[in-house]
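The values are calculated or read from the model by the stated rules, or taken from the named source; none is laboratory data. The shown structure was predicted, so the numbers you read here are calculated from the model rather than taken from an experiment. So basically every Cβ, Gly included, is an ideal-geometry build from the backbone, and we count neighbours across all protein chains shown. The area values use the complete protein model at the heavy-atom level, side chains included, leaving out ligands, DNA and RNA. Shrake-Rupley method; radii C 1.70, N 1.55, O 1.52, S 1.80 Å.
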Amino acid sequence: MWEENLKRYDAIVAHCTRFDRKGKTMPHTSANGHMFSLLNKEGDLGIRFAKEKQQRYMEAFTTSYFKSYGAIMNGYIQIPDALWLDTELLIRLLNESYDYVMSL
């Protein structure tokens, strides 16, 4: 599952021209000194959002906060497996997250 999700993650990030995927052992995106997406060792994707959007997206996607190495990552929501199939949505969410960290 991890390898498959890494390929999906790389393909989605490749559509986002303002940033690149970083990290060999911990794939992530970062900008302005802040990480804003992360693929954990289980192959789960977490994306960072402003506090008011976190709650809205958790309700809309029926998900929760993102965990990596057993710890809750503040500001990140867990992207449900079903959303991996919606490439356009994930591209939009990553770009939105990028805009958020650029505002910090």
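Restricting to the stretch 8-43, name every residue that is out of contact with any helix residue (DSSP H, G or I) (no Cβ under 8 Å at 6 or more places or on another chain) and acidic (Asp, Glu).
If the condition is that a residue be out of contact with any helix residue (DSSP H, G or I) (no Cβ under 8 Å at 6 or more places or on another chain) and acidic (Asp, Glu), then 10 is the only one that fits.
Return the residues of the stretch 64-85 that are closer than 16 Å to residue 29 by Cα, open to solvent by 30 Å² or more (accessible area, probe 1.4 Å) and touching a helix residue (DSSP H, G or I) at 6+ places or on another chain (Cβ under 9 Å); say none if nothing qualifies.
Result: 78, single match.
Within the set of pairs 6+ apart or on separate chains, which have a first residue in the stretch 6-25 that is more than 16 Å from residue 98 (Cα to Cα), a second that is in a helix (DSSP H, G or I), and C-beta atoms under 8 Å apart?
Here the result reads 8/84; 11/87, each pair linking the stretch 6-25 to a residue that is in a helix (DSSP H, G or I).
Quick one: count up the residues across the stretch 3-21 that are surrounded by 14 or more Cβ atoms within 10 Å (Cβ to Cβ) and either more than 16 Å from residue 92 (Cα to Cα) or aliphatic (A, V, I, L, M) (or both).
Counting residues in the stretch 3-21 that are surrounded by 14 or more Cβ atoms within 10 Å (Cβ to Cβ) and either more than 16 Å from residue 92 (Cα to Cα) or aliphatic (A, V, I, L, M) (or both) gives 4.
Quick check: anything in the stretch 46-53 more than 12 Å from the chain's Cα centre (by Cα) and aromatic (Phe, Trp, Tyr)?
No: the stretch 46-53 contains no residue that is more than 12 Å from the chain's Cα centre (by Cα) and aromatic (Phe, Trp, Tyr).
Return the pair list, or none, for Cβ contacts closer than 6 Å from residues in the stretch 39-52 that are free of Cβ contacts under 8 Å to residues at least 60 places away in the same chain and open to solvent by 10 Å² or more (accessible area, probe 1.4 Å) to residues that are of a type in the set (Gly, Ala, Ser) and part of a helix (DSSP H, G or I), at least 6 apart or on different chains.
Close Cβ pairs satisfying both conditions: 48/97.
Report yes if residue 88 is loosely packed, with under 11 Cβ neighbours inside 10 Å, under 16 Å from residue 16 (Cβ atoms) and of a type outside the set (Lys, Arg), otherwise no.
Criteria met by residue 88.
In this structure, is residue 5 at pLDDT 95 or above, touching a helix residue (DSSP H, G or I) at 6+ places or on another chain (Cβ under 9 Å) and not aliphatic (A, V, I, L, M)?
yes
Determine which single condition residue 62 fails, assuming it passes every other condition in (1) out of contact with any strand residue (DSSP E or B) (no Cβ under 7 Å at 6 or more places or on another chain); (2) hydroxyl-bearing (Ser, Thr, Tyr); (3) closer than 24 Å to residue 18 by Cα; (4) free of Cβ contacts under 8 Å to residues at least 40 places away in the same chain.
So the condition that residue 62 fails would be (3).
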